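To start, the structure itself, in C-alpha cells.
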Amino acid sequence: MIDSAQLFDAIVRERRSVRIYDQENDFDGDIVQRSLERAVLAPNSSNMQLWEFYRIIDPIKRNQIAKYCMNQNAARTARELVVVVVRKDKWRERAKFMFNYHKKRIGNKTKTEYTKRDKRNLNYFGKLMPMYYFSDWFGIWAWIRKILVFSASFFRPVIWQVGNSDLRVVSHKSAALAAQTFMLSMHAEGYHTCPMEGFDSWKVRRCMQLPYAAEINMIIACGKGKPEGIYTERIRVDNKEIIFSI
Ligand SMILES: Cc1cc2nc3c(=O)[nH]c(=O)nc-3n(C[C@H](O)[C@H](O)[C@H](O)COP(=O)(O)O)c2cc1C
C-alpha cells in the first residue's frame, strides 16, 4: 500500500511544466474548480487572503489572453487558463473579515473577560494590519513605518519589510504558494499545468477588466498534457549547492 508520503513524493516528482495540451478529449472543469478550492487552503500571510483566481473558460477570452501570453504554446493549447491575481488593495475588507470573525468567536464576553489571545487577535486585525497595509500616493506612511521600525530595532528584533514594495512581495509570496498548491492538486487529479509569467500584464488586466490595483501573479495553463509537451528532462542544480544546514 502506498502511504501518503510516497504519494506526495510521486506527485511532486511527476509534476512538470507541460507546454502542449491535448485538444481531443473532454476537459473536466470541475477538477480546476476543486483544485482552486484546495489552493485557497494554502498558507498565506496573516491569513489576509489578498488573492483572487480567475478561470478563463470562454474560448474567445482564452485566445485573446493566449495572444497576450506571447502566444506561448502552453497558453495557446491550454484547455483552461487560470489567472492568479494579487489584491493587496483589498486589505481593508480582509482585515475587517478577520476582525469580525474573531469578534463573533469571542461572543458577548465583556472586555475584562477577553483572553490574551482574544485581545491579540482583535488588535492584530483591527490596528496592526491597517497600519501595516495602509498606503498613500506619496509613500509617506511607508516611510513613517520604516522610521518606527528602525527606532524599534535598537530595542528588539523587528520586521524590516514594511515598505510598499515589501508588501507587494508579501502578497505575491502567498499567491504563489496557492498557485503551487493548485498545480500539485491538478497533477494529483491527472491533469497538467504550466505556470507562466511571460505575458503582457497591462493587456491581460485590461482584457479581464481588472482594476489598476490588481496585480497578476502568474497565469497557469491547464489541460491534459501531451508527451511532447515536456520539452526537456528535469534539470536542477546539485542539492549540495542550494540546501544547507547551519
Ligand atoms: C513564476 C514562474 C513563471 C514561469 N513562467 C513561464 C513561462 O512564461 N513560460 C514557460 O514556458 N514556463 C514558465 N515557467 C515554468 C518554468 O520554466 C519551469 O517551472 C522550470 O523550467 C522547471 O521545470 P518543471 O516545472 O518542469 O520542473 C515558469 C515557472 C514559474 C515558477
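Since every read-out is calculated from the coordinates, none of them should be taken as a lab result. Treat the numbers as computed from the prediction; the structure is a model and nothing was measured. Every residue, glycine among them, receives a Cβ derived from its backbone with ideal geometry; neighbour counts consider all protein chains shown.
Values computed for the structure shown
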read-out	value
Three-way shape label, region 68-155, alpha-carbon gyration tensor, a/c 1.5	oblate
Neighbour-count order for 167, 122, fewest beta carbons within 10 angstrom listed first	122, 167
Rg/Rh ratio calculated on Cα atoms of region 78-209 (Kirkwood radius)	1.07
Selected from 183, 48, 208 as most flexible by GNM, with the chain as the system and alpha-carbon contacts under 10 Å	208
Residue 136 paired with residue 115, simple spin-label distance in nm, labels 7 Å along Cα-to-beta-carbon	3.9 nm
Proxy reagent accessibility, fewest Cβ within 10 Å first, across 84, 40, 32	40, 84, 32
Rg/Rg_ref, the chain, where Rg_ref = 2.2 N^0.38 Å and atoms are Cα	1.20
Residue-averaged [θ]222 nm for the chain, counting only DSSP H segments that reach four residues, each worth -39500 (n - 2.57)	-14000 deg cm²/dmol
Peptide ranges 104-117, 213-226 listed from the most packed, as the mean C-beta count within 10 angstrom indicates	213-226, 104-117
Alpha-carbon centroid distance for the pair region 194-214 / region 41-95, whole angstrom	8 Å
